[in-house]
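**Q** Dropping a structure here in structure tokens format, bear with me for questions.
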Amino acid sequence: MTTNALKSSGPSAGRAGDKIFSGAALGAGVLILLTLFAVAVFLFIQALPTFTADPAEISGGAGFFSYILPIVIGTVIAALIALAIATPIGIAVALFISHYAPRRIAGPLGYLIDLLAAIPSVIYGAWGYLVLAPALVPGYQWLAENLGFIPIFGGPASQTGKTMLTAGIVLAVMVLPIITSLSREIFLQTPKLHEEAALALGATRWEMISTAVLPFARPGIISAVMLGLGRALGETMAVALVLSTGGLIPSLIQSGNQTIAAEIALNFPEAFGLRLAELIAAGLVLFVITLIVNMIARAIIARHKEFSGAN
Amino acid sequence: MSKRIDVKDLNVYYSKFLAVEGVNINIAAKSVTAFIGPSGCGKSTFLRTLNRMHEVIPGGRVEGEVLLDGDNLYEPGVDPVNVRSQIGMVFQRPNPFPTMSIRDNVLAGVKLNGKKISRSDADALVEGSLRGANLWNEVKDRLDKPGSGLSGGQQQRLCIARTIAVKPDVILMDEPCSALDPISTLAIEDLINELKNDYTVVIVTHNMQQAARVSDKTAFFNIAGTGKPGKLIEYNETATIFSNPAEKATEDYVSGRFG
Ligand SMILES: Nc1ncnc2c1ncn2[C@@H]1O[C@H](COP(=O)(O)OP(=O)(O)OP(=O)(O)O)[C@@H](O)[C@H]1O
Ligand SMILES: [Mg+2]
């Protein structure tokens with residue numbers, strides 16, 4: 001029998017470390033999947049009565065689908081407004097911090113923005129309710145008078161300013177720090193090598209950013225926006241405080257519309273029986289929306305994998 | 001086109017640290033000049049002042065003049081962006097843009113400056129530049145694949161193609177072969193010999209044989225000790241530097257008796 005000197009007997013310390021690490025990593029991964037699965041199962045079981053109940057007994061009296069559809073649309077609109085505002089501003093601010101601002105300013109500014117992300121949402125809600133909404137009233141009136149022919153600006157404008165657009169703006173302010181912090185972190189990681197390559201070809205600072213920094217950061221920006229979207233979709237307090245709810249209407253400057261998260265938060269305390277099941281079903285729908293959005297984002301990132309710079 | 005470079009009393013700083021002191025050198029058009037010297041003597045630092053890449057590093061600044069065919073690069077009002085589009089640079093580590101295809105990498109510099117070029121002009125330029133970098137035959141069937149999928153030597157030649165695509169007057173190379181195998185190295189040395197017909201080439205190298213093979217003139221830089229500035233010790237015809245240098249330090253270095 002031959003013995004192979006390379007086959008050592010007994011585990012060495014390094015291998016034990018490897019085993020512990022891979023075990024821990026696997027455990028953490030499984031734990032996340034289990035949690036997700038448990039949440040989904042919980043939501044589904046609790047929501048079940050809604051799907052089996054007589055349509056006339058559901059709020060609105062016309063079945064679950066017509067109950068949920070308007071607030072799904074409201075949720076999506078609020079999140080889209082928030083992202084439409086926060087994404088360009090967030091990326092611009094992140095670029096300013098990472099590539100334009102002098103160091104003395106960049107450090108404190110980045111820190112300030114990280115702090116913004118830590119402010120509880122009820123504070124944003126209170127600010128939106130007390131300060132932003134009244135301040136926007138004249139603007140809404142102007143919009144209704146001059147751009148009223150566009151359905152989303154249809155009048156008469158709300159007198160309190162507690163509208164979908166206000167809620168969207170508050171959400172934008174809330175997700176802005178998330179998008180900014182993550183984007184800045186990614187912009188700073190652009191290899192110096194590639195930035196210098198662009199500069200040495202005669203690129204201006206902006207051309208350097210558009211040839212080297214932004215393409216490199218693209219998957220990271222998408223992830224940052226997705227995290228922001230997650231917060232916007234799931235936000236309850238701020239929307240509940242800022243939006244004066246109502247049925248689905250196209251105008252963003254009248255009271256009306258509702259989001260899933262706020263609908264749940266507002267009605268949960270008094271809900272029981274079928275109403276409770278309804279709200280949980282609404283939660284299940286929100287969960288599914290979030291999953292779909294994230295899968296789409298993954299697919300977009302994966303489509304450009306070959307050119308990601310990770311190889 | 002190719003232009004000459006004249007450097008007058010150049011001091012190069014990193015913030016307060018004087019890294020290179022008092023360089024005077026005249027580099028002729030359509031020639032290959034090699035910079036040699038021990039590690040840390042400031043070859044890269046000095047090379048990067050020749051296209052104003054040095055000031056990209058925070059705290060980087062210079063005193064003195066660098067003249068490109070008589071025009072001072074550092075005169076107030078000169079845009080470094082302009083300077084760099086006329087004086088190209090190839091780096092030590094190959095750095096094609098990973099998010100771009102081979103074709104787009106070659107065109108990267110051309111598409112800057114807001115220039116639009118027709119599809120057929122672009123095709124011609126891509127082929128011409130890749131041929132100029134001796135890479136065409138190896139990549140002509142996969143121009144749309146990512147540049148980062150090439151071998152190290154191919155990536156470096158892609159970077160050279162990208163640099164010559166913008167038709168600079170001067171090409172600076174900082175140890176372009178240090179990450180490459182001997183065959184890729186020879187390919188690039190051959191290329192440098194051809195580039196000389198159209199461009200002024202300045203190359204930093206640690207490889208004496210390489211300096212001897214490719215360059216017309218050689219500049220030897222040295223440093224008196226850590227924390228001291230690097231200086232240009234001797235600059236002459238390459239044959240003279242290697243066979244009959246005027247300075248003792250040069251002779252010690254080229255004969256391997258250094259340090
Ligand atoms: N970014 C920087 N900031 C501060 N000092 C630097 C920086 N880069 C280089 N230096 C210093 O400048 C001096 C010259 O460095 P340089 O890189 O030009 O040397 P080199 O001759 O190219 O060396 P090598 O042959 O190892 O590449 C060294 O003392 C180095 O420590
Ligand atoms: Mg160097």
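The values are calculated or read from the model by the stated rules, or taken from the named source; none is laboratory data. These figures come from a predicted structure and were not determined experimentally. FYI the Cβ positions are ideal-geometry reconstructions off the backbone, even for glycines, and counts take in every protein chain you see. Remember, those area values only see protein heavy atoms, side chains included, never the ligands or the DNA or RNA. Shrake-Rupley method; radii C 1.70, N 1.55, O 1.52, S 1.80 Å.
**Q** So if I check each of B:Leu73, B:Leu47, B:Leu10, B:Leu68, which one is without any contact (Cβ under 8 Å) to a residue 24 or more places away in the chain, open to solvent by less than 50 Å² (accessible area, probe 1.4 Å) and not β-branched (Val, Ile, Thr)?
**A** B:Leu73
**Q** Additional query: Given (1) over 25 Å from B:Lys3 (Cα atoms); (2) in contact with a His (Cβ under 9 Å, 6 or more places away or on another chain); (3) more than 9 Å from every other protein chain (Cβ to nearest Cβ), where does B:Phe46 come up short, assuming only one miss?
**A** (1)
**Q** Take the residues in segment B:206-222 that are in a loop (DSSP other than H, G, I, E, B) and within 23 Å of B:Leu68 (Cβ to Cβ), then tell me which one is least open to solvent (accessible area, probe 1.4 Å).
**A** B:Ser215
**Q** Any residue in segment B:28-43 that is under 18 Å from B:Leu10 (Cα atoms) and of a type in the set (Phe, Trp, Tyr) sitting within a Cβ distance under 7 Å of a residue that is within 15 Å of ligand 1 (Cβ to nearest atom) and not in a strand (DSSP E or B)? List the pairs, counting only those 6 or more apart or interchain.
**A** B:Phe35/B:Lys43; B:Phe35/B:Leu47
**Q** Can you pull out the residues in segment B:79-108 that are within 7 Å of chain A (Cβ to nearest Cβ), within 16 Å of the chain's Cα centre (by Cα) and assigned to a helix (DSSP H, G or I)?
**A** B:Arg84, B:Ser85
**Q** Anything in segment B:30-55 that is more than 12 Å from ligand 2 (Cβ to nearest atom) and more than 16 Å from the chain's Cα centre (by Cα)? List them, or say none.
**A** B:Glu55
**Q** OK, next. Does at least one position in segment A:187-198 carry a residue that is in contact (Cβ under 8 Å) with a residue 60 or more places away in the chain, open to solvent by 30 Å² or more (accessible area, probe 1.4 Å) and aromatic (Phe, Trp, Tyr)?
**A** No, segment A:187-198 contains no residue that is in contact (Cβ under 8 Å) with a residue 60 or more places away in the chain, open to solvent by 30 Å² or more (accessible area, probe 1.4 Å) and aromatic (Phe, Trp, Tyr).
**Q** Could you identify the single residue in B:Gly37, B:Gly128, B:Gly59 that is away from chain A (no Cβ under 14 Å) and at positive phi?
**A** Only one candidate qualifies: B:Gly37.
**Q** Please verify whether segment A:60-68 includes one or more residues that are touching a Ser or Thr at 6+ places or on another chain (Cβ under 8 Å), open to solvent by 80 Å² or more (accessible area, probe 1.4 Å) and without any contact (Cβ under 8 Å) to a residue 12 or more places away in the chain.
**A** Scanning segment A:60-68 turns up at least one residue that is touching a Ser or Thr at 6+ places or on another chain (Cβ under 8 Å), open to solvent by 80 Å² or more (accessible area, probe 1.4 Å) and without any contact (Cβ under 8 Å) to a residue 12 or more places away in the chain.
**Q** Quick check on my filter: what residues within segment A:235-256 are touching a helix residue (DSSP H, G or I) at 6+ places or on another chain (Cβ under 7 Å) and surrounded by fewer than 19 Cβ atoms within 10 Å (Cβ to Cβ)?
**A** A:Met237, A:Gly247, A:Leu248, A:Pro250
**Q** Can you confirm whether segment A:245-254 contains a residue that is in contact with a Ser or Thr (Cβ under 9 Å, 6 or more places away or on another chain), farther than 20 Å from A:Ala84 by Cβ and of a type outside the set (Ser, Thr, Tyr)?
**A** Looking through segment A:245-254, at least one residue is in contact with a Ser or Thr (Cβ under 9 Å, 6 or more places away or on another chain), farther than 20 Å from A:Ala84 by Cβ and of a type outside the set (Ser, Thr, Tyr).
**Q** Here is a further query. Limited to segment B:14-44, what total is found for residues that are farther than 15 Å from B:Thr238 by Cβ, hydrophobic (A, V, I, L, M, F, W, C) and either outside any loop (DSSP other than H, G, I, E, B) or open to solvent by 60 Å² or more (accessible area, probe 1.4 Å) (or both)?
**A** 5
**Q** Give segment B:143-174 a look and list any residue that's open to solvent by 10 Å² or more (accessible area, probe 1.4 Å) and more than 14 Å from every other protein chain (Cβ to nearest Cβ), or say none.
**A** Within segment B:143-174, B:Gln154, B:Arg157 qualify.
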